[in-house]
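Data first, discussion second: the structure below is written as structure tokens.
The values are calculated or read from the model by the stated rules, or taken from the named source; none is laboratory data. Fair warning: this is a prediction, and the values are worked out from it, not measured in the lab. Using ideal geometry, Cβ is built from the backbone for each residue, glycine included, and neighbour counts are taken over all protein chains shown. Just the protein is used for accessible areas: all its heavy atoms, side chains included, with ligands, DNA and RNA removed. Shrake-Rupley method; radii C 1.70, N 1.55, O 1.52, S 1.80 Å.
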Amino acid sequence: QVQLVESGGGLVQAGGSLRLSCAASGRTFSRRVMGWFRQAPGKEREFVAGINWSGGTTYIADSGKGRFTISRDNNKNTMYLQMNSVRPEDTAVYYCAANKGLSVTSYVNEYDTWGQGTQVTVSS
């Protein structure tokens, strides 16, 4: 089993950058498809980005295309989300998650392990 801990959230001005990290414990991280999700107050949890086990396949949701980059370092058991040109609408709690299967997907119910989340607040 893998356990996940997010870090790197905080308050940032619009147009700025932030890098989120997801540290994983357990020996299976390097074999897991991973994803980032976010949830704003009063809204559904939504997919932000996903990455396959090797890092060779990534997918960024339309909301983050051209601004967000997902990556992973299996030697460090860590996944990252680089957020550039952030906007007030990026304000949310960001969660990392491990997928049940072998392909990058965007559906919440296909991820079975979640971190506790890290708050990102973008001021205008």
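Please state which one of 20, 4 is open to solvent by less than 40 Å² (accessible area, probe 1.4 Å), in contact (Cβ under 8 Å) with a residue 24 or more places away in the chain and within 18 Å of residue 61 (Cβ to Cβ).
It is 20.
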Of 123, 85, 103, the only residue that is among the small types (Gly, Ala, Ser) and open to solvent by less than 50 Å² (accessible area, probe 1.4 Å) is 123
So the strands (runs of 3 or more DSSP E) completely within region 49-107 holding 3 or more residues that are more than 21 Å from residue 16 (Cα to Cα) are 92-99
By residue number, the members of region 108-122 that are assigned to a strand (DSSP E or B) and farther than 20 Å from residue 42 by Cα are 111, 112, 113
Note to self: Take residue 21 and tell me if it is closer than 18 Å to residue 102 by Cα and either within 11 Å of the chain's Cα centre (by Cα) or outside any strand (DSSP E or B) (or both).
What the structure shows: no
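Each row is one residue, and each column tells you yes or no for (1) under 11 Å from the mean Cα position of the chain (by Cα); (2) surrounded by 14 or more Cβ atoms within 10 Å (Cβ to Cβ); (3) not acidic (Asp, Glu).
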site	(1), (2), (3)
12	no, yes, yes
27	no, no, yes
32	no, yes, yes
38	yes, yes, yes
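Mind telling me which of the residues 86, 108, 104 ends up being farther than 18 Å from residue 8 by Cα, in contact with a strand residue (DSSP E or B) (Cβ under 6 Å, 6 or more places away or on another chain) and in contact (Cβ under 8 Å) with a residue 60 or more places away in the chain? Steps first, answer last, please.
Values: 86 fails: farther than 18 Å from residue 8 by Cα; 108 fails: in contact with a strand residue (DSSP E or B) (Cβ under 6 Å, 6 or more places away or on another chain).
Going through 86, 108, 104 in turn, just one is farther than 18 Å from residue 8 by Cα, in contact with a strand residue (DSSP E or B) (Cβ under 6 Å, 6 or more places away or on another chain) and in contact (Cβ under 8 Å) with a residue 60 or more places away in the chain: 104.
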Per the filter on region 40-71, residues of a type outside the set (Gly, Ala, Ser) and under 13 Å from the mean Cα position of the chain (by Cα) are 45, 46, 47, 48, 51, 52, 58, 59, 60, 68, 69, 70
Within region 64-75, the count of residues that are open to solvent by 30 Å² or more (accessible area, probe 1.4 Å) and either free of Cβ contacts under 8 Å to residues at least 24 places away in the same chain or among the acidic types (Asp, Glu) (or both) comes to 6
